[in-house]
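Below is one structure, written out as structure tokens; comments come after it.
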Amino acid sequence: MKIGMVCYPSYGGSGVVATELGYALGERGHEVHFISSARPFRLQRYHEQLFFHEVTDVSYPVFKFPPYTLLLANKIVEVANDVSLDVIHAHYAIPHSISAFLAKQMMMRPLPLVTTLHGTDVTLVGAYEEFYQLTRLALRSSDRITAVSRALAEETVETFGTLDQGIEVIPNFIDPQVYLPGEGIMKRCRKHFAPHGEKILAHISNFREVKRVVDVVNIFALVEKVVPSRLLLVGDGPEMKRVSREVVKLGLEGKVQFLGKQESVQDILQMVDVFILPSEQESFGLVALEAMACGVPVVASRVGGLPEVVQHGKTGYLADVGDVQGMSEGVLKLLTDETRYKTFSEQAVTWARETFPVGRAVEGYESVYDEVIHSF
């Protein structure tokens, strides 16, 4: 099959999923054409079956801002005609599915559209009612819809009502050849961040308000009072200054490291003892899955799809959003009991590999593509 993969290029779960799915599809002989405003940040390794098509801006006095939705629609048509795409796979309803819908209207032949919901598609409507009708159109215009968790599928139905085509849940996934417990050099790298054998905690995100990164710092502050520890903060975003101020306010400057945006997060996770994800909202929590695959137990908020990813009391601990005390207690339960930690770590690896393998997800998407192509 020839698949047009439309996604955001930025640091975030949906772009990661789209890119890793593209590589996996390429390995199975499919031709994947990424269409985005910039090269997706995980699309770095060369693969003979993967191609990138950039949507370029235009400068025209009438437009206050470049009309990206229209430019993307035009690019989809261009690529679809040039390489004879079989299907478009849009990650996120707004604006990608809308652009694909416009592209379908311009095409001289049928072009099936699969939309994968990642979360903000639905929560965006909760914050901005103006997007309701547009998102509803994007969903109803899609030939097939998938969601990354049961919680997201249920929230979508609750918000927009039952959709004729239904919503198929295909969870996010990990490649066990990439995400695996650390050995050798990565374990030795711990000495750089924890020279005296301190425990290492970590958080990775785009530092948006919804990620509650300030809570991560406060959780760490409580843990560090009991167990000598270090905190690695990976990523960047609008909350960075606020997080930095909190670190200074609590006198943790020498114990918190800001690593900025990183591509090979598995290398960092392999050094970590506990991963913290106290988000206010998570449709899935891909980075939590990646951490567990590396043998790192996760302490997270009990929200959205996270309870489907993190097994409370087995691969980590869950607490209510904003429960800094409860999350710090979860971290301490792991760091102060070696037997418990070893058990949780082993269970995390097994759970991640057996429940969220890349092969199962790829087969799920292949089935969706095949069904929608043959329905035309």
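The numbers here are math on the coordinates, done by the rules we state, and not lab data. In this text the structure is predicted, and so the values were computed from the model without any measurement. Virtual Cβ from ideal backbone geometry, glycine too; neighbours counted across all protein chains shown.
Here are some notes:
- Structure remark: mean-square fluctuation, Gaussian network model of the chain, C-alpha springs under 10 Å; the largest value among Asn172, Asn206, Asn81 belongs to Asn81.
- Difference of contour (0.36 nm per residue) and Cα-Cα distance, Met1 to His192: 64.1 nm
- As a size descriptor, the averaged projected area of the C-alpha convex hull of segment 205-288 was calculated at 5.4 nm².
- Normalised size of segment 133-253, defined as Cα radius of gyration per 2.2 N^0.38 Å with N residues, equals 1.51.
- Burial ordering of Asp82, Asp175, Asp143, Asp164, fewest other beta-carbon atoms within 10 Å first: Asp164, Asp82, Asp175, Asp143
- Considering every alpha-carbon pair of segment 185-355, the percent of pairs per 5 Å bin, from zero through the bin containing the longest distance, is 1, 9, 20, 24, 24, 15, 6, 1, 0.
- Total charge dipole magnitude, the chain, about the Cα centre, Cβ charges on Lys, Arg, Asp, Glu only, Debye to nearest 20: 1000
- Once exposed loop GluC sites (Glu not before Pro) are cut out (DSSP; at most 12 other Cβ, 10 Å), longest piece of the chain: 49-182
- Residues Met107, Met271, Met5, Met292, arranged from fewest to most other Cβ atoms within 10 angstrom of their Cβ, appear as Met107, Met271, Met5, Met292.
- More than 28 Å apart - percent of Cα-Cα pairs taken over the chain: 46
- Residues of type lysines that Lys75 reaches as a straight line, Cα spacing below 18 Å, ignoring anything fewer than 8 places off in the same chain: Lys2, Lys104
- Only one residue of Ala348, Leu259, His196 has its Cα farthest out toward the positive end of the dipole of segment 185-355, where Lys and Arg carry +1 and Asp and Glu -1 on Cβ, and that residue is His196.
- From the alpha carbon centroid of segment 219-239 to that of segment 86-154 is 37 Å.
- Helix-only CD estimate at 222 nm, as mean residue ellipticity for the chain, using -39500 (n - 2.57) per DSSP H run (n ≥ 4): -13000 deg cm²/dmol
- Each residue of segment 145-154 is assigned a 3J(HN,Hα), and the resulting list reads 10, 10, 9, 7, 7, 5, 4, 5, 4, 5 Hz, derived from the Karplus form 6.51 cos²θ - 1.76 cosθ + 1.60 (θ = phi - 60°), x at Gly and Pro.
- Likely footprinting exposure, Phe258, Phe275, Phe101, Phe51, fewest C-beta neighbours within 10 Å first: Phe258, Phe51, Phe101, Phe275
- Contact order normalised by residue count of the chain, Cα under 8 Å, 6+ apart, percent: 14
- Partner lysines for Lys255 [C-alpha distance under 29 Å; skip if fewer than 8 residues away on the same chain]: Lys187, Lys191, Lys199, Lys211, Lys225, Lys241, Lys314, Lys333, Lys342
- Under-5 Å amide H pairs with Ser279, H placed in peptide plane, nonlocal only: Ser301
- Pairs of Cα atoms nearer than 8 Å and 6+ residues apart set the relative contact order; for segment 261-337 it is 28 percent.
- Computed from backbone phi, the HN-Hα couplings of segment 358-368 come to 4, x, 5, 5, 4, 4, x, 5, 4, 5, 5 Hz, rounded to whole numbers (Karplus: 6.51 cos²θ - 1.76 cosθ + 1.60, θ = phi - 60°; Gly and Pro given as x).
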